[in-house]
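Participant: Here it is, the structure, as structure tokens.
The values are calculated or read from the model by the stated rules, or taken from the named source; none is laboratory data. Just so we're clear, the structure is a prediction, and the values are computed from it rather than from any experiment. Here the Cβ positions follow ideal geometry from the backbone for every residue, glycine too, while neighbour counts run over all protein chains shown.
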Amino acid sequence: MIKAIRVLFVDDSEDDVLLLQRHLKNALYHCHSKQVDDQKSLISALASDEWDLVISDHNMPTLNSTQVVELVKSFNKDLPIIIVSGDIGEDVAVKGMSIGADDYIMKDNLKRLIPVIEREISGATQRRAHQRAESKLRHMAFHDALTNLANRHEFNRRSQLAWQTSKSNGVSHILIFMDLDQFKVVNDTCGHVAGDELLMQLSVVLKTKIRGRDILARLGGDEFGLLLEDCSLEKGIEVAEKVKNSIADFRFSWRDKVFTISVSMGIVVLDVDTVSITEALANADMACYAAKENGRNRYEIFRDDIRHFQQRKGEMERLSEIRKALEDNRFILMSQSIVPVSDENESVHHEMLIRMLTEDGKMVMPGAFIPAAERFNLMPEIDQWVINTTIEHIQNLQKNSDKTIGKYFVNLSGNSLSDDSFLINIEDKIRQAYLPEKSLCFEVTETAAIANLSNTIKLIEALRRLDCEFALDDFGCGLSSFAYLKEIPLDYLKIDGGFVKNMLEDELDEAIVWASHHIGKAAKLKTIAEFVENKLILKKVKEIGIDFAQGWELGKPEPI
């Protein structure tokens with residue numbers, strides 16, 4: 001099999017070069033070659049062509065092999081160099097090898113030529129492949145595989161360097177976080193392939209709207225980051241407007257569908273007053289979220305004195321506490337009795353209420369951590385913990401008590417209702433637990449159920465097949481309570497405690513409680529009054545005919 005090879009001969013003898021070419025031809029090499037014999041022509045040949053190999057004589061009128069090796073190495077090419085000579089001394093050969101020659105061959109021993117060439121070509125090929133692989137890995141470490149933009153790691157690194165220049169020389173930079181507003185619509189309508197294509201096309205569009213030295217990155221999903229170095233806030237706003245408008249003008253076509261896209265953006269100034277790059281990146285994320293909350297297709301500039309950002313900052317600080325508490329298992333369950341008030345034959349039930357513990361053991365109430373957990377989608381993990389712990393509690397009661405086990409009410413968040421994997425996990429857990437029939441009752445709030453109606457119905461139907469029951473919590477606080485009640489398969493109706501606790505002073509609240517109970521009865525549901533805080537409220541609850549009552553008059557939450 002004939003093998004192609006590109007050889008640069010550095011030799012002043014045409015006869016010697018012809019001899020070497022003949023050896024190559026006999027070894028089935030098709031040789032593309034060039035002969036040079038001085039420094040100028042050698043430099044020209046190295047600069048203008050790619051070579052597989054350099055074969056050099058030692059002594060030439062204007063050049064020697066040592067100079068050849070030095071010149072070839074100066075081009076930083078991984079190019080094997082073989083010295084072929086009839087009169088090279090051992091000291092010269094050793095010097096040539098020490099500065100980069102790969103081998104030397106005496107002209108009276110040319111039988112070594114082909115094995116040496118094959119060895120060096122193979123070695124160089126392997127080294128180049130290794131270098132290409134290393135280069136690709138380096139590129140992958142700092143770039144997004146889909147869009148070829150910088151990735152989050154590289155964006156954070158470059159932002160860190162920019163912040164350091166702000167501290168050292170006072171120059172300001174601009175950080176912009178971007179989140180596409182309609183990306184989920186494309187993904188859900190046309191699939192992930194279409195979503196990926198949209199991201200690639202938008203990346204090309206965005207690169208045309210920024211300066212060559214600016215850093216554009218894909219941070220993950222449909223989120224992008226932009227670092228404008230040596231840039232004022234005024235100029236940063238100008239760039240943000242240009243980017244926002246270019247995305248708004250962009251039309252994404254997929255098969256027979258055309259989509260309009262917009263972007264929400266958060267802008268942060270990096271300057272000498274910036275405390276840390278971690279905080280700056282978090283602030284950019286906060287501002288981006290604020291842009292979404294304030295209507296989308298807009299930008300928000302982060303300012304530390306704005307209450308909205310202070311609240312968001314507090315939630316992000318709380319977020320790290322929640323994650324650490326999950327890692328350390330620093331949650332506890334409290335149980336509050338749900339007492340039958342109309343039928344003494346009914347069992348006492350219990351609602352499971354979660355509390356978080358700080359690292360020094362102080363109890364944190366749900367209102368202080370649940371909003372942050374909901375905003376940052378940690379609730380499915382927390383809900384799963386509550387379910388697992390409740391199941392373990394029921395199993396312990398089965399083993400250690402002869403008393404009738406009542407029903408245990410567990411709250412499910414809106415995040416969990418919209419998480420497909422959550423249902424799979426709890427189905428598996430309940431199947432493996434072998435709990436008493438109807439010992440678990442899941443509570444969903446009215447607003448969460450309506451916001452995730454199809455998912456809620458799917459989850460309820462699946463878990464009812466496993467002998468679980470369901471309660472609609474906070475009934476009456478929404479605008480669509482009655483319209484949706486018929487669509488959701490339920491067992492209990494929990495009347496919103498805000499109406500219950502005020503019904504002695506407010507006739508309208510009393511009427512709402514009365515109506516909620518009778519609607520529940522018409523739907524063949526058992527009713528529960530929340531926030532029963534004193535004997536007078538309890539008396540009114542009994543008069544209305546409500547089935548169960550829950551509140552401090554009947555029992556405070558106690559650790560299980």
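Participant: Kindly evaluate L281 against the criterion of being buried (at least 19 other Cβ atoms within 10 Å of the Cβ), modelled with pLDDT of 95 or more and either in contact with a Ser or Thr (Cβ under 7 Å, 6 or more places away or on another chain) or within 25 Å of N156 (Cβ to Cβ) (or both). Step through it out loud before you land on a result.
Facilitator: On the way: buried (at least 19 other Cβ atoms within 10 Å of the Cβ): yes; modelled with pLDDT of 95 or more: no; either in contact with a Ser or Thr (Cβ under 7 Å, 6 or more places away or on another chain) or within 25 Å of N156 (Cβ to Cβ) (or both): yes.
When the stated conditions are applied, L281 does not pass them.
Participant: Out of contact with any strand residue (DSSP E or B) (no Cβ under 9 Å at 6 or more places or on another chain), assigned to a helix (DSSP H, G or I), without any contact (Cβ under 8 Å) to a residue 24 or more places away in the chain and under 15 Å from K244 (Cα atoms) - does that describe any residue in the stretch 189-205?
Facilitator: Yes, the conditions are met somewhere in the stretch 189-205.
Participant: Right, something else. Filter the stretch 430-477 down to residues that are exposed (fewer than 15 other Cβ atoms within 10 Å of the Cβ) and charged (D, E, K, R) and give me whichever is nearest to the chain's Cα centre (by Cα).
Facilitator: The selected residue is K458.
Participant: Restricting attention to the stretch 417-435, which residues are within 18 Å of I391 (Cα to Cα) and either of a type in the set (S, T, N, Q) or not assigned by TED's automatic domain parsing to the domain that holds T456 (or both)?
Facilitator: Within the stretch 417-435, the first condition is being within 18 Å of I391 (Cα to Cα), and the residues that meet it are 422-435.
Answer for the stretch 417-435, where residues must be within 18 Å of I391 (Cα to Cα) and either of a type in the set (S, T, N, Q) or not assigned by TED's automatic domain parsing to the domain that holds T456 (or both): N425, Q432.
Participant: Check whether at least one residue in the stretch 152-173 is outside any helix (DSSP H, G or I) and touching a Lys or Arg at 6+ places or on another chain (Cβ under 9 Å), and report yes or no.
Facilitator: We begin by selecting, within the stretch 152-173, every residue outside any helix (DSSP H, G or I); these are 170-173.
So of that shortlist, the ones also touching a Lys or Arg at 6+ places or on another chain (Cβ under 9 Å) come out as none.
Checking the stretch 152-173: not a single residue is outside any helix (DSSP H, G or I) and touching a Lys or Arg at 6+ places or on another chain (Cβ under 9 Å).
Participant: Could you give every pair whose Cβ atoms fall below 8 Å, whose first residue belongs to the stretch 361-387 and is closer than 14 Å to L423 by Cα, and whose second residue is among the aromatic types (F, W, Y) and surrounded by 19 or more Cβ atoms within 10 Å (Cβ to Cβ), counting only separations of at least 6 or pairs across chains?
Facilitator: Close Cβ pairs satisfying both conditions: P380/F422; D383/F422; Q384/F422.
Participant: Among what's in the stretch 74-106 and is β-branched (V, I, T) and loosely packed, with under 15 Cβ neighbours inside 10 Å, pick the residue that is nearest to the chain's Cα centre (by Cα). Can you show your working first?
Facilitator: Of the residues in the stretch 74-106, the ones β-branched (V, I, T) are 81-84, 88, 92, 94, 99, 105.
Adding the requirement that they be loosely packed, with under 15 Cβ neighbours inside 10 Å leaves 94, 99.
Numbers: V94: 56, I99: 49 Å.
So the residue we want is I99.
Participant: Could you tell me whether K403 is surrounded by fewer than 16 Cβ atoms within 10 Å (Cβ to Cβ), in contact (Cβ under 8 Å) with a residue 12 or more places away in the chain and part of a loop (DSSP other than H, G, I, E, B)? Steps first, answer last, please.
Facilitator: Working: surrounded by fewer than 16 Cβ atoms within 10 Å (Cβ to Cβ): yes; in contact (Cβ under 8 Å) with a residue 12 or more places away in the chain: no; part of a loop (DSSP other than H, G, I, E, B): yes.
No: the conditions fail for K403.
Participant: Let me ask something else. Output the residues belonging to the stretch 208-217 that are in contact (Cβ under 8 Å) with a residue 40 or more places away in the chain and out of contact with any helix residue (DSSP H, G or I) (no Cβ under 7 Å at 6 or more places or on another chain). Steps first, please.
Facilitator: First, the residues of the stretch 208-217 that are in contact (Cβ under 8 Å) with a residue 40 or more places away in the chain: 215-217.
Within the stretch 208-217, none qualify.
Participant: Could you go through the stretch 10-22 and let me know if any residue there is in contact with a Lys or Arg (Cβ under 7 Å, 6 or more places away or on another chain), among the aliphatic types (A, V, I, L, M) and either at pLDDT 95 or above or crowded, with 19+ Cβ neighbours inside 10 Å (or both).
Facilitator: We begin by selecting, within the stretch 10-22, every residue in contact with a Lys or Arg (Cβ under 7 Å, 6 or more places away or on another chain); these are none.
No.
Participant: State yes or no: is A372 small (G, A, S), out of contact with any Cys (no Cβ under 9 Å at 6 or more places or on another chain) and modelled with pLDDT of 90 or more? Write out each step before concluding.
Facilitator: On the way: small (G, A, S): yes; out of contact with any Cys (no Cβ under 9 Å at 6 or more places or on another chain): yes; modelled with pLDDT of 90 or more: no.
Taking the combined requirement at face value, the residue does not satisfy it.
Participant: Another one. Taking the options E234, E238, E134, name whichever one is more than 18 Å from I261 (Cα to Cα), outside any loop (DSSP other than H, G, I, E, B), outside the structural domain of D271 (by TED's automatic domain parsing) and of a type in the set (D, E). Break it down into steps so the answer makes sense when it comes.
Facilitator: On the way: E234 fails: outside the structural domain of D271 (by TED's automatic domain parsing); E238 fails: outside the structural domain of D271 (by TED's automatic domain parsing).
Result: E134 is the single residue among E234, E238, E134 that is more than 18 Å from I261 (Cα to Cα), outside any loop (DSSP other than H, G, I, E, B), outside the structural domain of D271 (by TED's automatic domain parsing) and of a type in the set (D, E).
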